[in-house]
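Single-structure report; data block below.
Values in this text are rule-based calculations from the coordinates and carry no lab data. These figures come from a predicted structure and were not determined experimentally. Note that each Cβ is placed from the backbone with ideal geometry, even for glycine, and that neighbours are counted across all protein chains shown.
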Amino acid sequence: MKVIVCIKQVPDTKGGVKFNPDGTLDRGAMLAIMNPDDKAGLEAALRLKDQYGAEVTVLTMGLPKASDVLREALAMGADKGILVTDRVLGGADTWATSSTIAGAIRNLEYDLIITGRQAIDGDTAQVGPQIAEHLNIPVISYAQEIKIDGDKVIVKRQYDDRYHMLEAKMPCLITALSELNDPRYMTPGGIFDAVQADITTWGRADLKDVDDANLGLAGSPTKIAKASDKVRKGAGEKVVPDTPEDAVKYIVGKLDEKHVI
Amino acid sequence: MQNLEEYKGVFVFAQQVDNVVSGIAYELLGKAKDLAKPLNAQVTAVLIGSDVKGLCDKLAEYGADRVIVVDDPELKEYRTEPYAHALSSVINEYKPEIMLVGATAIGRDLGPTVSARVATGLTADCTVLDIGDFPLQPVPGKESEQKHNQLLMTRPAFGGNTIATIACPNNRPQMATVRPGVMQKIDPIKGAKAEIIEYNPGFTPNDKYVEIKEVVKAVSDIKDIMDAKILVSGGRGVGSPENFKILEDLAAAIGGQVSCSRAVVDSGWKPKEMQVGQTGKTVRPNVYFAIGISGAIQHVAGMEESDIIIAINKDEDAPIFDVADYGVVGDLNKIVPELTKQIEAFKAAKA
């Protein structure tokens, strides 16, 4: 069984987002990490490796330094890492990103593709389903449990007020929630091996069956009209009322003023 | 190349579950009406399901000029493939200029699949939609290249720390998923009727039709706190699981739901699904009451996008006051029950 896990390197927002004095985001001050939902997807794949001897390939698209997350994945137990990097691929929206990754995956054999539900920098949750659509395979998003049954995969999928147990014929793509599992740690031996491991690097020329018109900034249907780092909301009013009644009067007044009640 | 001029009208995916229209559908219709005005366009609801024709009048009352119904037994429970086939076939046949989908568990699955199938852009989780120019300002020397009457889609990213306005100038439809609870539905127009079109593109199951082995409903009787417009959230300062009663009473009086901080979950007072914060859920209600919550950064990260934050805490130096719009220093055990009483009285007087 062959599993491909798509992972992304993202700035870490844990322990708070860092800001410049002018209130804009200080991206340089934040560590780059493996996106949490992707890490859960990787752990799910590694469990399939433990259980069924699946071969796990991790794939990322990004700047050359994104190979760091591939090495981390190898140190956790993945078998092979592929970095898709090329200047012409930069500035891609989800359409161009999914077109690129699908173009890379067409070179590979697979039974299952696992992606994270969404990345903590973009929060779109679009790339996984769009990869499946480009590859013309079924997608099951928001997986909470994954089981294999012969050539089928059985997934628990959560909706607002219910869950579905879904069965899909492989090959298929699953998007994973970080709630799926607790990812394992890298092992010392794994880290040692990962540092020396070969990472396969692919550029534009290695993508299969993708039109230039669907790549990079130019191939992105969505265009940014305006972007701003949001200035963090500061403290508002603070009152120290003499009695609970005064406190309540103050709150009710504000709720009325804001048309909440 | 698409002929962009062929694409007309504002379309809304009218999500229904168990033959009940989801609230987001009405919210999208309200927004679609606003957007249709400057475009001088029609509002069309796309209703997909099995045996759902009876819902058309409701959609008309909330602003749909026209309803396209795709009704087929294959569409009984939501599944990605038959629904994506239904919606993308409607798009290819009726060519909307704008296609809005709710950013619900269903919409965030359906939207990306459909946008990839019809080869257009999709902007996720929008909080503001407008009609305007792209680029926003004409580029000197290239004034004639500025496009008018474009859908401008604004969304937060990076956990809400950045905002971007996005356009889709060269592809149609311009597609967006829209966060529930942000757009306003209109007051229903009783007796309003819409033009109804029945359309069936044919459904032939293939490998992409995932099989539903089991549907388990009401896994929990706790409503999703992410959908709440008002959250009454308690922290360790509430003191005991029993004392959450006063928060539940307040929530009932104001029409909200109870949520909590991590400390409360770690103490075993409330289940994990009620937890707000970095390791819990990110919520953005209209009003967030932080009651007895000190305001650790991990908690704040999950609620700071709330429109109005009201904090009640006895510790004057609690960091929660740094993000609160209205902070009240005092004893929650006295303030909260009194607040419930006053809100009930206020509502009664107004009714």
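What FRET efficiency comes out for residue B:266 versus residue A:179 if R0 is 22 angstrom and r is the Cβ-Cβ distance? Round to the nearest 0.05.
For residue B:266 and residue A:179, the calculated efficiency is 0.85.
Between residue B:227 and residue B:136, what is 0.36 nm times their sequence separation minus the Cα-Cα distance? Round to one decimal in nm.
Difference between extended and current length: 29.5 nm.
Could you give the length gained on full extension between residue B:217 and residue B:341, defined as 0.36 nm per residue of separation minus the Cα-Cα distance, in nm?
41.1 nm
Is region A:2-214 rounded, prolate or oblate when judged by the Cα gyration tensor, a ≥ b ≥ c being the square roots of its eigenvalues, rounded requiring a/c under 1.5 and prolate requiring a/b larger than b/c?
rounded
For region B:259-279 and region A:197-261, what is the separation of their C-alpha centers, rounded to whole Å?
Taking the Cα centre of each part, region B:259-279 and region A:197-261 sit 23 Å apart.
Using a/c under 1.5 as the rounded threshold, could you call region B:225-350 rounded, prolate or oblate? The axes a ≥ b ≥ c are square roots of the C-alpha gyration tensor eigenvalues, and prolate needs a/b larger than b/c, oblate otherwise.
It comes out rounded by the Cα gyration axes.
Against the longest alpha carbon principal axis of chain A, how many degrees, from 0 to 90 and to the nearest 10, is the axis of helix A:94-105 turned?
Taking Cα atoms only, the helix is inclined about 20 degrees.
Between the helical axis of B:80-94 and the dominant principal axis of chain B, each derived from Cα atoms, what acute angle in degrees is found, rounded to the nearest 10?
Taking Cα atoms only, the helix is inclined about 50 degrees.
Inside 10 Å of the C-beta atoms of B:147-154, what's the mean count of C-beta atoms belonging to other chains? Could you put the intermediate results ahead of the total?
Details: counts 0, 0, 0, 2, 0, 2, 2, 2.
Mean shielding count: 1.
How about residue B:347: which lysines have a C-alpha closer than 23 Å to its C-alpha, ignoring those fewer than 8 places off in the same chain?
Counting by Cα, and skipping residues close in sequence, residue B:347 has these lysines nearby: A:249, A:254, A:258, B:185, B:229, B:245, B:334.
For the pair residue B:143/residue A:152, report the inter-label distance in nm, with labels modelled 7 Å from Cα in the Cβ direction.
Inter-label distance under the simple model: 6.5 nm.
For peptide A:166-178, what's the mean number of Cβ atoms from other chains within 10 Å of each residue's Cβ? Show your work: numbers first, answer last.
Working: counts 8, 5, 7, 6, 1, 1, 3, 0, 0, 3, 0, 0, 1.
Counting other chains' Cβ atoms within 10 Å and averaging over A:166-178 gives 3.
Within 10 Å of each Cβ of B:331-338, how many other protein chain Cβ atoms are there on average?
Counting other chains' Cβ atoms within 10 Å and averaging over B:331-338 gives 4.
Mind computing the radius of gyration and Dmax over the alpha-carbon atoms of region B:98-242? Å is fine for both.
20.8, 69
Need the C-alpha centroid separation for region A:116-142 versus region B:33-99, integer Å.
Each part's Cα centre sits 23 Å from the other's.
For chain B, rounded, prolate or oblate, judged on the Cα gyration tensor with a ≥ b ≥ c (square roots of eigenvalues), a/c < 1.5 rounded, else prolate if a/b > b/c?
Details: a/c = 2.04, a/b = 1.64, b/c = 1.25.
The shape class here is prolate.
For a footprinting-style exposure proxy, rank B:72, A:198, A:212 by other Cβ within 10 Å, fewest first.
Numbers: B:72 19, A:198 8, A:212 11.
Ranked by crowding around the Cβ, least crowded first: A:198, A:212, B:72.
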